[in-house]
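Following: one structure in structure tokens, then a few remarks.
Since every read-out is calculated from the coordinates, none of them should be taken as a lab result. As the structure is a computational prediction, the values presented were derived from the model and not from experiment. Here Cβ is always computed from backbone atoms with ideal geometry, including for glycine, and neighbour counts include all displayed protein chains.
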Amino acid sequence: KVSAIYDQIDSIVKTLMEQVNKFDRGYHLQKERFALSEFIEDYITNNPSTIFEYDYISPLEEDDEKGCVYVDFAKGALKIIFDNIVSNACCHGFNECDKNYIIRIGLAYLTDKCVVDISNNGATLHHGLDPKSVFVYGESSKFAVNTSKDGGHQHCGIGGYEVKQLMREFGGSAEFISNPSDEYPITYRLTFKIANPNFDINGDV
């Protein structure tokens, strides 16, 4: 129901604002070693939505012989990052009630890094907004206010600044990718260092 959708959006925005108001470069959270694949699966299970569906694209199956790929990061900070990205999609990308919206999460392993792409099939980036502004404090939000007369059909980068800062705080990086002609025009790319560098994606450890 439309009312249920609006209720969930309102809840998402309130949660996000609480996170932004408390933001303090990591909340003094501590790094821990964990598998990104397990974190993503748990996040999807524990954060269902009536607005969209998840599409998780996992890497090559991890097995006992090769072991899991781990990262050193703060789980609490990573949840805040995921929440910000998902909230941004719901509030500024998903603006049609009759469309089947999808948030696609892709995980890939490189030689010494893990890459998580979080994309959505919602509205494209507003034509007047520079993708780099998504991570600039106050810039994209100010732009959204000034252009709200067009119906709000634009991503305004809610939490973009926090996403980048938290990724940096714990040794990762964030990139915003806009591809207006793609089925999934908006992507946040999160890059992490692999904590077990002897892991070989093409063979045994």
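Between Asp112 and Asp42, take the C-beta separation as r, use R0 = 25 Å, and let me know the FRET efficiency to the nearest 0.05. Show your work: numbers first, answer last.
Details: r = 25 Å, r/R0 = 0.98.
My answer for the efficiency is 0.55.
Find out how many positive minus negative residues lie around Phe176, taking Lys and Arg as positive, Asp and Glu as negative, among other residues whose Cβ is under 12 Å from that of Phe176.
So the surrounding residues net to 0.
Give the residue list of trypsin sites (Lys or Arg not before Pro) in the range 65-117 that are DSSP loop and have at most 13 other beta-carbon atoms within 10 angstrom. Could you put the intermediate results ahead of the total?
Numbers: sites: Lys66, Lys75, Lys79, Lys99, Arg104, Lys113; in loops: Lys66, Lys99.
Hits after loop and neighbour filter: Lys99.
HN-Hα J couplings of the range 190-195 from phi, Karplus 6.51/-1.76/1.60, θ = phi - 60°, integer Hz, Gly and Pro as x?
10, 10, 10, 7, 6, 7
Using 0.36 nm times the number of residues separating Lys75 and His127, minus their current alpha carbon distance, what extension gain do you get? List each step's numbers first, then the result.
Details: separation 52, 0.36 × 52 = 18.72 nm, distance 3.44 nm.
The span from Lys75 to His127 would gain 15.3 nm if fully extended.
On a full-extension model of 0.36 nm per residue, what is the gain between Ser3 and Asn95, subtracting their alpha-carbon distance, rounded to one decimal in nm?
31.7 nm
I'd like the Karplus ³J(HN,Hα) series for the range 101-108: coefficients 6.51, -1.76, 1.60, θ = phi - 60°, whole numbers in Hz, and an x wherever there's a Gly or Pro.
Along the range 101-108, the couplings run 8, 9, 10, 9, 10, x, 10, 9 Hz.
If the chain between Glu169 and Ala35 were fully stretched, how many nm would it gain, using 0.36 nm times the residue separation less the Cα-Cα distance?
Extra length from Glu169 to Ala35 when fully extended: 46.4 nm.
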